[in-house]
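Participant: Got a structure for you, questions after.
The values are calculated or read from the model by the stated rules, or taken from the named source; none is laboratory data. None of these values were measured; they are calculated from a predicted model. Counting neighbours? That spans all protein chains shown, and the Cβs are built from the backbone with ideal geometry, glycine included. The area values use the complete protein model at the heavy-atom level, side chains included, leaving out ligands, DNA and RNA. Shrake-Rupley method; radii C 1.70, N 1.55, O 1.52, S 1.80 Å.
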Amino acid sequence: MIGTVFRSEDVPAEDRFDYWRELVGRTRSSEIISDHAADFWAEHRLMELGPVTVSRMSFRPTRYRRTPQMVRRSDPELYHLTLLTDGGLALDHAGRASTFTPRDLHLADSSQPYDVRSAADDRQGPVVGGMAVDFPKVLLPLPPHRVRELLGRGLPGQDGIGVLLAEFLLGLERQADVLQPSDAPRLGTVVLDLLSAWFAQLLEAEAALEPETRGRATAERIQAFIRQNLHDPELSPPLIAAAHHISVSYLHRIFQQQSQGETVAARIRRGRLESARRDLATPSLCCTPIHTIAARWGYPRASDFTRSFRAAYGLSPKDYRQQALSEGE
């Protein structure tokens, strides 16, 4: 498991809000106020990925205020990125006043005051939730005066690198229980690369990025594209290269550098077979014909699927399903 988990119900009721203030203060030094302090509720998972900290938070409406005095007293020199998933937020920061709803992202700078308030209403629910990323400003390979243009305003997370970053963060939280601590530094590097590439794209400053950062971000986009299109039997290196406006030779070079030697075709094959194997072992799909599962994951010919599955796992799909379902009884 990566990270530590806090649930307010694990703490005596009279201590919950104080505990929450101390926990949040580890990454975001701010004054924390809530009308629900007496009956506070919150859940929090903190994942330390090298120098990057990723958190999943849910809490009753609360205000977080970083005053000019607090900035002068202590500045950790961090950027704070927030992906809102539940409720609403209002933010005053860097001369802007903005409001955010689920799936919005925004960036704050610990070197400047901010005032962020829960703005939940009856339609959005009584709980605010989201993903938070805290990382040293010095690790972002973009000029601070350019990054300042992004502070305090809504950042688009519905397409391109923005949606890839959002899905990666949410996926981290979903997989945190099975990820290993040894994975943490690499995952932190991926988060930083995606952030750098996304900010550079928003600022039209891609040239400021190191080639390695651009390459890793491109590799993550390609990996996401492959995962989303495993069902397509036409998925191939030429199709992937065309979708990303790169040559096939450059695609293969990226994979050689970023995927520990795994080829594009091998990644597609592995993804399809792992997905099909998961479906074969799922009790609720026990009556779904094997050829249907094969077609769902890009194998229109059942014989091709059977041959590839046996080569990968040493069993036919039928025998594997029987074994997996009997072991699960």
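Participant: Can you pull the Kirkwood radius for the range 1-73, inverse mean 1/r over Cα pairs, to one decimal in Å?
Facilitator: 13.2
Participant: Now, a different point. Residue separation times 0.36 nm, minus the C-alpha to C-alpha distance between residue 212 and residue 285: what's the value?
Facilitator: So the extension gain works out to 22.0 nm.
Participant: Per residue, what accessible area does the range 229-285 have, given a 1.4 Å probe and all protein chains present, in Å²?
Facilitator: 54
Participant: Could you work out how much longer the chain between residue 5 and residue 63 gets when fully extended? Use 0.36 nm per residue separation minus the Cα distance between them, nm to one decimal.
Facilitator: 18.7 nm
Participant: Given a 1.4 Å probe and every protein chain left where it sits, what share in percent of the accessible area of the chain is carbon and sulfur?
Facilitator: Accessible surface attributable to carbon and sulfur in the chain totals 50 percent.
Participant: What is the extension gain from residue 301 to residue 33, computed as 0.36 nm multiplied by their sequence separation minus the C-alpha to C-alpha distance, in nm to one decimal?
Facilitator: 90.4 nm
Participant: In nm, give the distance between the simple-model label positions of residue 13 and residue 257, each being 7 Å from the Cα along the Cα-to-Cβ direction.
Facilitator: About 5.8 nm, to one decimal.
Participant: Mind checking the per residue accessible area of the range 1-93 for me, 1.4 Å probe, whole number of Å²?
Facilitator: 47
Participant: Ignoring everything except DSSP H segments at least 4 long, calculate the 222 nm mean residue ellipticity for the chain; use -39,500 (n - 2.57) per segment, divide by total residues, nearest 500.
Facilitator: Computed mean residue ellipticity for the chain: -12500 deg cm²/dmol.
Participant: Provide the packing ranking of 289-296, 9-16, 90-97, i.e. peptides ordered by the mean count of other C-beta atoms within 10 Å per residue, highest first.
Facilitator: Put in order of decreasing packing, that is 289-296, 90-97, 9-16.
Participant: Let me ask another. Calculated FRET efficiency, residue 127 and residue 77, Cβ-Cβ r, R0 45 Å, to nearest 0.05?
Facilitator: Calculated transfer efficiency: 0.90.
Participant: Which FRET efficiency value, to the nearest 0.05, is calculated for residue 278 and residue 232 with the Förster distance at 22 angstrom and r the Cβ-Cβ distance?
Facilitator: So the FRET efficiency works out to roughly 0.75.
Participant: What is the percent of Cα-Cα separations in the range 159-246 that go past 15 Å?
Facilitator: It works out to 64 percent of all Cα pairs.
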